[in-house]
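Note sheet for the following structure.
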Amino acid sequence: MDIPILKIEDFLVVTIQSELSDDEIYALQEDILSRIKDVGATGLIIDITALDIVDSFMGRTLSNIAATAELLGAKSVVVGIRPAVAVTLVELGIRVKWNVNTALNLERGIKLLKRLIEAERRGGAS
């Protein structure tokens, strides 16, 4: 499954439209990280609005993508987490382990990402 990775300003935006197999999640991770490096992205937004379920593997992989993107110089925000997904992540203990910025929707995610990048440029905390 090809998932488009759009470049908007200095950000990459990835919208996951359907459930992914483990192999598709790994492939997406590699695609995202390659694109960050290729275009020099300073930010990454992963939109999971369309997902009804995020299992523990997907949750860990999203966390890994965010952590690795950070090492490549890109701040990350996951947007569009549905209430049921949030509850599941907390029940699985994943939310506590996540070191991932989240926002309600794409608009708020872009604002958060800009604040995070600006704070880093000013030498502030991430």
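Select from the stretch 94-126 the residues that are β-branched (Val, Ile, Thr) and either modelled with pLDDT of 95 or more or surrounded by 10 or more Cβ atoms within 10 Å (Cβ to Cβ) (or both) and write down the one among them that is nearest to VAL54 (Cα to Cα).
Within the stretch 94-126, the subset β-branched (Val, Ile, Thr) is 94, 96, 100, 102, 110, 117.
The next check asks that each one be either modelled with pLDDT of 95 or more or surrounded by 10 or more Cβ atoms within 10 Å (Cβ to Cβ) (or both); those that pass are 94, 100, 102, 110, 117.
Details: ILE94: 10, VAL100: 15, THR102: 14, ILE110: 22, ILE117: 27 Å.
Among residues in the stretch 94-126 that are β-branched (Val, Ile, Thr) and either modelled with pLDDT of 95 or more or surrounded by 10 or more Cβ atoms within 10 Å (Cβ to Cβ) (or both), the one nearest to VAL54 (Cα to Cα) is ILE94.
Would you check if there is a residue in the stretch 32-44 being touching a residue at least 60 places away in the same chain (Cβ under 8 Å) and in contact with an Asp or Glu (Cβ under 7 Å, 6 or more places away or on another chain)?
Within the stretch 32-44, one or more residues are touching a residue at least 60 places away in the same chain (Cβ under 8 Å) and in contact with an Asp or Glu (Cβ under 7 Å, 6 or more places away or on another chain).
Hey, can you tell me all the residues within the stretch 60-95 that are of a type outside the set (S, T, N, Q), more than 18 Å from ASN105 (Cα to Cα) and in contact with a Leu (Cβ under 8 Å, 6 or more places away or on another chain)?
Scanning the stretch 60-95 gives ILE65, ALA69, LEU72, ALA74.
Mind telling me which of the residues ALA67, ALA50 ends up being surrounded by 13 or more Cβ atoms within 10 Å (Cβ to Cβ) and on the phi < 0 side of the Ramachandran plot?
ALA67
Restricting to the stretch 70-93, and then to whatever is in contact with a strand residue (DSSP E or B) (Cβ under 7 Å, 6 or more places away or on another chain) and under 17 Å from ILE16 (Cβ atoms), can you tell me which residue is surrounded by the most Cβ atoms within 10 Å (Cβ to Cβ)?
SER76
The values are calculated or read from the model by the stated rules, or taken from the named source; none is laboratory data. Because the structure is predicted, anything quoted here is derived from the model rather than measured. Cβ atoms come from the backbone with ideal geometry, glycine included; neighbour counts cover every protein chain shown.
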